[in-house]
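The values are calculated or read from the model by the stated rules, or taken from the named source; none is laboratory data. Computed from a prediction, not measured in an experiment: that's the story for all the values here. Backbone-built Cβ (ideal geometry, glycine too); neighbour counts: all protein chains shown. The area values use the complete protein model at the heavy-atom level, side chains included, leaving out ligands, DNA and RNA. Shrake-Rupley method; radii C 1.70, N 1.55, O 1.52, S 1.80 Å.
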Amino acid sequence: MWPKTLQIFQLKEAAAIDFATIEQALKDHPLRECGANDEFTFGSLPLARNSECWAIVSNDCMMIRFGKEEKVLPSSVVREALDTKIAEIEVVEGRKVGRKEKADIKEELIFTLRPKAFAKRTDVWLMIDKKAGLLVLNTTNAGMTEQSFKHLQTMLGSFPMVPLQAQVSPAGIMTDWLMKNDLPANLETGAECEVVDHSEDKAKARFKNLEPLSEDVTRHLEQGMQVKSLALRYTDKLSFVLNDDLTLKSIKWDDTLKEAAFNDSQGGAMSDMDANFALASLTIRELFTEHMAKWFEIEMDISDKATEYDATENEELYFDPLYQEAKKFVIESRNASTANLQRRLQIGYNRASHLIAEMEQKGVVGPMSYNGLREVLIGKEQAA
């Protein structure tokens, strides 16, 4: 597998990870089909359809696959049913339907229509690198990320991890690269760049098919804007867009790397997958440990650095000194994603999950919907 997107987390107890235990847990927690009234289900998948192979291990790395099956109701169907029901009430009862009642009717209609909805399946691939202490997902989708973390904890009881914790601003570093025309020796700029103004104006400019070192780009940087994303090429192995949250998108793997994997394969789908993963995992490890960690001053040994709250130790909600800051961020950003809260506060998944759960209990956010997202229930004026 040659991933097109990478989201990287660091593992706190990488040395204690046992691949055999994980493989058995994958088999014990498979994805099941959605029941009549399930919004979605989430579980483990074999690496290929009609295969009994649940994991591949190479170079102290393991590749696994999770899947999500969700009932999909076209919004047009729900809207038409809702309009019909509201019109009926207004005619029969001679009154207008209020906003809260309308929301309740919509929720009831969705519950009624869900058994008739078709099921859609999506998957996410994960790489667990014991040597580098990394967990890598091939998605940046907040819902899939959160469900993947929950599934790892369900399977294993505990799986402590934290988002990448750069000691310097990635946006500032990438801005310096362009302003000083001084990229690391193993990098070349590509033809895509986005710059933003972090002042109240929040202006942004996106450049495509334009050399990032051109005057058009540097002129914006000289006015105080910073790089949000930058297209780069890493040696002769891959090109990608690096974002200021340290995610990699639009990855294109070099043909020479793919050809090397093809030559290493013994033939057959699983052998091809094994060969691809062996080279891809080594390249990702090399890019992170030898370069990204140095560019952005990311500490590799985090065992004593990050505070991690494990849901298995105490299921009751607790008072967290970061609660008010977390609440303010969620309300102002209108985003109740655990992964985004992790990145913002530089905390572990379990702690971020507890904070979101506390907000749900206090009516700040709603329950997780079928698409893995949560609604922020209170306005920005209540952020304080």
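In a shell of Cβ-Cβ distance under 11 Å around Glu39, excluding Glu39 itself, what net charge do Lys and Arg (+1) and Asp and Glu (-1) give?
Numbers: positive: Lys68, Lys71, Arg114; negative: Asp38, Glu69, Glu70.
Cβ neighbours under 11 Å give a net charge of 0.
Filter the GluC sites (Glu not before Pro) in the stretch 162-242 to those in DSSP coil with at most 14 other Cβ atoms within 10 Å of their Cβ, and list the result.
Details: sites: Glu188, Glu192, Glu194, Glu200, Glu215, Glu222; in loops: Glu200.
Passing sites in the stretch 162-242 are Glu200.
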State the antiparallel share, in %, of DSSP beta bridges confined to the stretch 15-146, rounding to the nearest 5. 95 percent
For a quick protection proxy, order the peptides 258-271, 36-49, 226-239 by their average other-Cβ count within 10 Å, most packed first. 226-239, 36-49, 258-271
With the cut-off at 1.5 for a/c, could you classify the stretch 3-44 from its C-alpha gyration tensor as rounded, prolate or oblate? oblate
Helix 349-361 versus the longest principal axis of the chain: what angle, 0 to 90°, nearest 10, using Cα atoms? 20 degrees
Rounded, prolate or oblate: which fits the stretch 330-384, taking a ≥ b ≥ c as square roots of the Cα gyration tensor eigenvalues, rounded meaning a/c under 1.5, else prolate when a/b beats b/c? oblate
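Do you know the relative contact order of the chain, to the nearest whole percent, from alpha carbon pairs under 8 angstrom that are 6+ apart?
Working: 636 pairs, mean separation 72.1, N = 384.
RCO, the chain: 19 percent.
Which shape class, rounded, prolate or oblate, goes with the stretch 222-302 when its Cα gyration tensor gives a ≥ b ≥ c as root eigenvalues, a/c under 1.5 marks rounded, and past that a/b bigger than b/c marks prolate? All intermediate terms of the calculation are to be shown ahead of the outcome.
Details: a/c = 3.11, a/b = 1.94, b/c = 1.61.
Note, shape of the stretch 222-302 comes out prolate.
Students often get this wrong, so check it: of Lys208/Lys327; Lys130/Lys327; Lys130/Lys228; Lys27/Lys131; Lys131/Lys228, which have C-alpha atoms separated by over 27 Å? Walk me through the numbers before you get to the answer.
On the way: Lys208/Lys327 36 Å; Lys130/Lys327 34 Å; Lys130/Lys228 30 Å; Lys27/Lys131 24 Å; Lys131/Lys228 30 Å.
In this structure, Lys208/Lys327; Lys130/Lys327; Lys130/Lys228; Lys131/Lys228 lie more than 27 Å apart at Cα.
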List, in order, the whole-Hz ³J(HN,Hα) value for each residue of the stretch 175-180 obtained from phi through the Karplus relation with A = 6.51, B = -1.76, C = 1.60 and θ = phi - 60°; use x for Gly and Pro. 5, 4, 3, 7, 4, 9
Residue-normalised accessible area of the chain, expressed per residue, 1.4 Å probe, Å²: 51 Å²
Any idea how far the Cα center of the stretch 194-248 sits from the one of the stretch 271-290, in Å? 27 Å
For Glu299 and Phe19, compute 0.36 nm times the residue count separating them, minus their Cα-Cα distance, and round to one decimal in nm. 98.3 nm
Given backbone amide H placed at 1.01 Å from N, residues whose amide H is under 5 Å from that of Ala191, ignoring those fewer than 5 places away on the same chain, are none
Applied in sequence order to the stretch 83-88, the curve 6.51 cos²θ - 1.76 cosθ + 1.60 (Karplus, θ = phi - 60°) yields integer Hz couplings, x standing for Gly and Pro, of 4, 5, 5, 5, 4, 4
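Which entries of Lys4/Lys204; Lys150/Lys252; Lys106/Lys328; Lys100/Lys362; Lys85/Lys328 have Cα-Cα distances beyond 27 Å here? Show your work: numbers first, answer last.
Numbers: Lys4/Lys204 25 Å; Lys150/Lys252 30 Å; Lys106/Lys328 29 Å; Lys100/Lys362 19 Å; Lys85/Lys328 37 Å.
From the list (Lys4/Lys204; Lys150/Lys252; Lys106/Lys328; Lys100/Lys362; Lys85/Lys328), the Cα-Cα distance tops 27 Å for Lys150/Lys252; Lys106/Lys328; Lys85/Lys328.
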For the stretch 121-127, in residue order, the Karplus 3J(HN,Hα) values (coefficients 6.51, -1.76, 1.60; θ = phi - 60°; whole Hz; Gly and Pro = x) are 10, 10, 10, 9, 9, 10, 10
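Given R₀ = 30 Å, what would the calculated FRET efficiency be for Arg206 paired with Lys120, taking r from the Cβ atoms and rounding to 0.05?
On the way: r = 31 Å, r/R0 = 1.02.
That gives a FRET efficiency of 0.45.
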Considering only the chain, percent of DSSP beta bridges that pair antiparallel, nearest 5: 100 percent
For Leu134, enumerate residues with amide H under 5 Å from its amide H, sequence gap 5+ or separate chain, H modeled in the peptide plane. Leu11, Asp129
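Rounded to the nearest 500, what is the 222 nm mean residue ellipticity of the chain from helices alone, with -39500 (n - 2.57) per DSSP H run of 4+ residues and division by all residues? Show your work: numbers first, answer last.
Working: 11 runs with 138 residues, N = 384.
Helix contribution divided over all residues of the chain: -11500 deg cm²/dmol.
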